[in-house]
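**Student:** Starting off with a structure, shown below.
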Amino acid sequence: MLASARFTGTDAALLGTVLVLIVFSALFALSETAITRTSKVKALALVEEQRRGATALFKLVEHPEHNLPVILFALQMCTLVAATMVGVVADQAFGPWGVVIATLFEVVFIFVFAELAPKIWAVQHSERAALSMAPFLAAVVSFPPLRWGTLGLIWLSNLVLPGQGLKEGPYVTEEVLLAMADTAADEAVIEREERKLIHSIIDFGDTVAREVMVPRPDMVTVPASATLRQAADIAATAGFSRVPVYGQGIDDIVGVVYVKDMMRAERDDKAEEPVTLFMRQPQFLPDSKRVAEVMREMQAGKQHLAIVVDEYGGTAGLITLEDVLEELVGEISDEYDVDRPQLELLDDGSLQVDGRVPIDEINEVAGFELPEGDWDTVGGFFYHLLGHVPVEGEAAEFSDHRLVAQKVDGRRIAQVLIAPLSPPDETPVPGTAGAEP
């Protein structure tokens, strides 16, 4: 049985305070959702558009580990204090039944109007909510008592569960960026070519020089004993504008000769002079150097060609500025290049690839799962499987794929065929089912 209602002026003041606290709870709940759904990149774009409230918004999302705990603390304070006051008023007005009434009020009214509805609206209008609430939140998080209280509670929580609070970290990873680019391309927000460029830029940071260099066996070089005319003939035959010059051997690169320098010298009747008189100082780079750094060094040194050396100081290959740019924009062909695909998917589902194609490119294009290890290319992986130099037609199997050496140049695997293994024919031979041995 309900107790006699004893509703006083104090109860009315408490209910008025409860309504104010519920309003603030709704605002904080809306703000929390809007802020957590706004990235730094989005906030910076709004600042550049000079949107009202964008500057305050950027300051909030720039260091969420400092600001978000204050917002959450304010939200919990408003909700808990409002719920406590409702319980006090209900107990005064309805006696023992007041607990039940207060609980129903808190579960239904406070949850719907102070939690659920504001957060749903913030999800549907995240940009508008974030911009409109940013100035208010900036004032809240800078309020000293509230910030001190939050820091004190964080310190107390660290005593219970040792830690250092919320740390700033990579909130947007490479995988997230790639997924965002794929989704944007699927929804026609960006073009397919733009998606490919985004993927190339992200992969660019992880690529090293040995993955894009012209390997040592493919280098076109001239000996230091050659005359200018001989060097010019070699360069003209290969179609290159720059050719390395070696001394004792390929591991002793002493310079780089430019075709334009040789043309100028030939015009001055110096065709029979040693090529070493016209070569320039070479640039050397380790094979483990990232191509982003390679590009910056080549730009700074005004070089278009550099010699790549291995960990023992030997020549591993050479790299050009064109090789680096191709990692971003794809193959760049000129009139001297032979248009020969390095990777070709055949009608039967097999893949015909150049031995120098990287393993990760094959896996990405064809959906294979070839492993990565101490090798970079499919040719290196083939060597790993066989343990010796293959002959043309020799095959090796890995998982559910069969690799065949279609072309071998000396000790180098020039072309590989990767074919899926056909599942075994499990059709029983007629007349053998159930036969006794």
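What follows draws every value from the coordinates through simple rules; no lab data is involved. Since this is a predicted model, take the numbers as computed values, not measurements. Here the Cβ positions follow ideal geometry from the backbone for every residue, glycine too, while neighbour counts run over all protein chains shown.
**Student:** With θ set to phi - 60° and the Karplus curve 6.51 cos²θ - 1.76 cosθ + 1.60, what are the ³J(HN,Hα) couplings of segment 97-104 in order, to the nearest whole Hz, using x for Gly and Pro?
**Tutor:** Residue by residue, segment 97-104 yields 5, x, 5, 5, 5, 5, 5, 4 Hz.
**Student:** Note down the magnitude of the dipole of the chain about its Cα centre, charges +1 on Lys and Arg C-beta and -1 on Asp and Glu C-beta and zero elsewhere, to the nearest 20 debye.
**Tutor:** It works out to roughly 2780 debye.
**Student:** Given PHE136, ILE413, HIS199, which one lies farthest toward the positive end of the charge dipole of the chain, if we put +1 on the Cβ of every Lys and Arg and -1 on the Cβ of every Asp and Glu?
**Tutor:** Of the options given, the answer is PHE136.
**Student:** Quick one: Cα convex hull volume of segment 17-101, Å³ per residue? Before the final figure, lay out each step's value.
**Tutor:** Details: hull volume 7.8 nm³, N = 85.
Once divided by residue count, the hull of segment 17-101 is 92 Å³.
**Student:** Please state the charge dipole magnitude for segment 343-420, taken about the Cα centre, from unit charges on C-beta atoms (+1 on K and R, -1 on D and E), reported in debye and rounded to the nearest 20.
**Tutor:** That gives segment 343-420 a dipole magnitude of about 380 debye.
**Student:** Students often get this wrong, so check it: of LYS40/LYS196; LYS270/LYS302; LYS59/LYS196; LYS196/LYS289, which have C-alpha atoms separated by over 29 Å? All intermediate terms of the calculation are to be shown ahead of the outcome.
**Tutor:** On the way: LYS40/LYS196 24 Å; LYS270/LYS302 26 Å; LYS59/LYS196 33 Å; LYS196/LYS289 24 Å.
From the list (LYS40/LYS196; LYS270/LYS302; LYS59/LYS196; LYS196/LYS289), the Cα-Cα distance tops 29 Å for LYS59/LYS196.
**Student:** While we're looking at this one, here's another question. Across segment 310-325, in residue order, what do the Karplus-derived ³J(HN,Hα) couplings come to in whole Hz, using 6.51 cos²θ - 1.76 cosθ + 1.60 with θ = phi - 60° and x for Gly and Pro?
**Tutor:** 8, 5, 9, x, x, 6, 8, x, 9, 10, 10, 4, 5, 4, 5, 5
**Student:** So how far apart, in nm, are the two label points at ASP206 and GLN124 if each is 7 Å from Cα heading toward Cβ?
**Tutor:** 4.0
**Student:** Say the dipole of the chain comes from +1 at the beta carbon of Lys and Arg and -1 at that of Asp and Glu; which of THR79, PRO223, ILE250 then lies farthest toward its positive end?
**Tutor:** The residue sitting farthest along the positive end of the dipole is THR79.
**Student:** Still on this structure: Candidates (i) 192; (ii) 206; (iii) 325; which is the computed volume of the Cα convex hull per residue in Å³?
**Tutor:** (iii)
**Student:** Applying 1/(1 + (r/R0)^6) with R0 = 41 Å to the Cβ-Cβ distance of THR36 and VAL389, what FRET efficiency is obtained, to the nearest 0.05?
**Tutor:** 0.10
**Student:** Also, quick follow-up: Round to the nearest 10 and give me the degree value, 0 to 90, for the angle of helix 126-141's Cα axis relative to the longest principal axis of the chain.
**Tutor:** Once rounded, the angle reads 70 degrees.
**Student:** Toward the positive end of the charge dipole of the chain, about the Cα centre and with charges on Cβ (Lys, Arg +1; Asp, Glu -1), which of GLY16, GLY330, GLY152 goes farthest?
**Tutor:** The residue sitting farthest along the positive end of the dipole is GLY16.
**Student:** Further, regarding this structure: Pairing the Cα long axis of helix 291-300 with the longest principal axis of the chain, what angle in degrees results, from 0 to 90 and rounded to the nearest 10?
**Tutor:** Approximately 70 degrees, to the nearest ten.
**Student:** Let me ask something additional. With springs only between Cα atoms under 10 Å apart, run a GNM on the chain and tell me which of MET180, MET262, MET77 wobbles the most.
**Tutor:** Evaluated over the chain, the most mobile residue of the options is MET77.
**Student:** Where nothing but the Cβ of Lys and Arg (+1) and of Asp and Glu (-1) is charged, how large is the charge dipole of segment 209-329 around its Cα centre, in debye to the nearest 20?
**Tutor:** Value, rounded to 20: 320 debye.
**Student:** How large is ³J(HN,Hα), in whole Hz, for each residue of segment 116-123 in order, when computed from phi with the Karplus curve 6.51 cos²θ - 1.76 cosθ + 1.60 and θ = phi - 60°, using x for Gly and Pro?
**Tutor:** 5, 4, x, 5, 5, 5, 5, 5
**Student:** Still on this structure: Tally Lys and Arg at +1 and Asp and Glu at -1 over the other residues with C-beta under 12 Å from the C-beta of GLN303: what net charge comes out?
**Tutor:** Values: positive: ARG242, ARG280, ARG296, LYS302; negative: GLU297.
Value of the local net charge: +3.
**Student:** Here is a follow-up. Once amide H atoms are built 1.01 Å from N in the peptide plane, which residues 5 or more positions from TYR246, or in another chain, come under 5 Å H to H?
**Tutor:** Distant-sequence amide H within range of TYR246: VAL222, ALA224, VAL254.
**Student:** Among GLY247, GLY255, GLY410, which one shows the highest mean-square fluctuation when the chain is modelled as a Gaussian network with alpha-carbon springs under 10 Å?
**Tutor:** Most flexible of the set in this elastic network: GLY410.
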